[in-house]
Amino acid sequence: MAKKELITKVWIEEGCIVCDACETAAPDVFEVTEDSCIIRPDALNVEFAKPRSVEIVDAAEECPVDVIKFESETVEVADDAAAEPAAASADAPVAEAKKTAPAEPKKATPAKAPAASSKSKAPSAGEPDPSIQALLEAATSRGGHAGIMKNADDMPASTQDWKAADPKSLPPDARQAKVVEAAQKAKKQSELHRRDFVSNSALAIGWTAFGVGTGISVGPAFGRFMMPNVLEEPDPRIRVGKMDKYLEMVPGGVNEDYKPQGIWMIREEDRIAALNIICTHLGCIPNWLPNDRKFKCPCHGSGYYPDGINFEGPTPRPLERFRIAIKDGIVVVDKSKKYQYELGQWDQPGSFILV
Ligand code: FES
């Protein structure tokens with residue numbers, strides 16, 4: 001006989017930030033209300049909770065402020081039943097919990113493989129944005145980078161204290177600031193790596209040119225590497241695929257394929273548009289909750305309808321939209337130009353494509 005852990009009791013401690021993550025992971029067990037989160041009455045029954053052990057462990061893991069707790073008991077089961085996912089101890093570390101309860105964690109939809117382009121000036125096919133990657137990682141894994149950042153020696157003592165604090169003990173705004181800081185750091189590192197690569201490549205090409213006596217033929221390439229234009233900001237234009245796939249979407253639909261590039265593609269009755277995924281409150285990244293038909297920010301609970309209009313939480317305004325156009329049959333999003341609803345800009349040409 002094999003052994004298996006089953007959850008016998010689940011509860012929520014103080015400090016819930018009403019982010020919806022638990023209800024998404026275990027909708028039978030948790031109910032998020034306007035200003036709180038509760039255990040559904042059925043889930044207080046041990047026999048109801050046991051078969052939902054895996055979902056409860058998932059919910060505890062997804063909780064950004066670690067307020068979901070549970071108790072479990074070990075039972076003996078037939079060997080084939082033991083192969084089914086089981087719950088882990090409430091005190092076990094997250095990694096250990098996942099080992100015992102091997103349900104896949106929820107992740108953002110991965111980007112589709114970028115299409116190759118032979119034109120150097122063509123818009124990018126959608127390389128993940130490093131700062132967006134850092135925000136996503138930090139916002140979905142209990143502080144992520146933000147929670148483990150090291151202190152720098154030359155920082156003021158007050159900042160040192162703040163950075164040394166456990167993110168869970170900080171007010172929401174400070175947690176969010178850590179997330180943004182980690183994102184900015186990741187972006188800087190990405191640029192530095194790019195510069196190192198360019199510099200080393202130029203050096204190698206230079207020596208090759210001297211060695212084989214073909215300086216003239218490699219001159220243009222050498223010059224290209226040495227010119228400062230290699231340090232320009234990445235092209236803000238992202239190719240997001242053919243129009244066909246957006247025509248197939250139903251009105252109110254959301255496409256998350258380009259979330260790693262910072263874009264949600266949305267379909268409305270007569271148009272498509274590109275939403276900026278950055279929360280307009282303080283810059284976190286909301287989650288798309290398809291069952292609730294809304295975007296929900298995990299930092300302070302702001303909620304947005306599928307078209308980006310805000311309707312709950314502290315955010316003062318809707319999500320922004322990017323410029324969008326069709327070029328050579330491909331939909332291209334230009335992140336350098338944004339349109340704001342509250343300024344009446346969502347009716348401007350360029351903020352949508354009619355379908
Ligand atoms: Fe505060 Fe999104 S950053 S609600």
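How much net charge surrounds F295 when only other residues with a Cβ under 13 Å from its Cβ are counted (Lys, Arg +1; Asp, Glu -1)? Taking every other residue near F295 into account, the sum is -2.
Ranked by the mean number of other Cβ atoms within 10 Å per residue, highest first, peptides 7-19, 45-57 order as 45-57, 7-19. Its Cα gyration tensor gives segment 1-61 an equivalent ellipsoid. The semi-axes, each the square root of 5 times an eigenvalue, are 22, 12, 9 Å from largest down.
One equal scatterer on each Cα of segment 261-355, no solvent, Debye formula: the resulting log10 I(q)/I(0) at q = 0.12, 0.21 Å⁻¹ is -0.35, -1.03. Work through the residues other than D28 whose Cβ is under 11 Å from its Cβ and net out their charges, Lys, Arg +1 and Asp, Glu -1. Local charge sum for D28: -2.
What does the charge count near E76 come to, summing +1 for each Lys or Arg and -1 for each Asp or Glu among other residues with Cβ under 9 Å from its Cβ? Net charge around E76: +2.
Every number here is computed from the coordinates shown, using simple stated rules; none is lab data. Being a predicted model, the structure only gives us computed values, none of them experimental. We place every Cβ from the backbone using ideal geometry, glycine too, and count neighbours over all the protein chains shown.
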